[in-house]
Amino acid sequence: MEYGTQLLVTMHDLGKVPNGLLVFLSRDPDMRDVGHAHWESTQEPKADELGNGLDILAIALSGAIALPSAIEVIRRWCSSPTAPTEGVVIRLGSQTISVTGTEDPATIRHLAEVLKAAYPEQ
């Protein structure tokens, strides 16, 4: 599977999301056809340095058509008892959305359209 579109997931304060989200995404059967989640650094390491920690959760999607499914899987995690109550922020290019776990299917579709607007060619 080739991955093109990449979502970046952080907390509202731009902090690192809990490791539990990565575990949830890696175990969720719906994510198998949607994409692959991994930790990523926000900065390139300087010469002769090891670099900073991996602090952004990146989700490489199989394509823009997978956006609603990816948002739905993240929404399910946000609605779980172990997720932070404030939800998460998802970025795609210049577009940003917030997911808290209370979104209905129509809202999920709308949020996906907002993200797709960052890449109208897809």
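Just a few scattered comments:
- Selection status of Gly101, modelled with pLDDT under 95, touching a Lys or Arg at 6+ places or on another chain (Cβ under 9 Å) and surrounded by fewer than 12 Cβ atoms within 10 Å (Cβ to Cβ): no
- In summary, Pro68 fulfils each of the numbered conditions (1) assigned to a helix (DSSP H, G or I); (2) open to solvent by less than 10 Å² (accessible area, probe 1.4 Å) with the single exception of condition (2).
- Residue selection: Pro29 satisfies the criterion of being farther than 21 Å from Lys116 by Cα, open to solvent by 20 Å² or more (accessible area, probe 1.4 Å) and at pLDDT 90 or above.
- Test for Ala106: is it touching a residue at least 60 places away in the same chain (Cβ under 8 Å), of a type outside the set (Ser, Thr, Tyr) and either open to solvent by 70 Å² or more (accessible area, probe 1.4 Å) or outside any strand (DSSP E or B) (or both): no
- The lone exception for Asn52 - which of (1) closer than 23 Å to Gln95 by Cβ; (2) modelled with pLDDT under 90; (3) among the polar types (S, T, N, Q) it fails: (1)
- Within the stretch 12-24, residues that are on the phi > 0 side of the Ramachandran plot reach partners that are aliphatic (A, V, I, L, M) and open to solvent by less than 60 Å² (accessible area, probe 1.4 Å) with beta carbons closer than 8 Å, at six or more positions or on different chains, in the pairs Leu14/Val89.
- For Arg109, the requirement of being of a type in the set (Lys, Arg) and farther than 17 Å from Ala60 by Cα is met.
The values are calculated or read from the model by the stated rules, or taken from the named source; none is laboratory data. As the structure is a computational prediction, the values presented were derived from the model and not from experiment. We place every Cβ from the backbone using ideal geometry, glycine too, and count neighbours over all the protein chains shown. Side chains included, ligands, DNA and RNA excluded: accessible areas come from the protein's heavy atoms. Shrake-Rupley method; radii C 1.70, N 1.55, O 1.52, S 1.80 Å.
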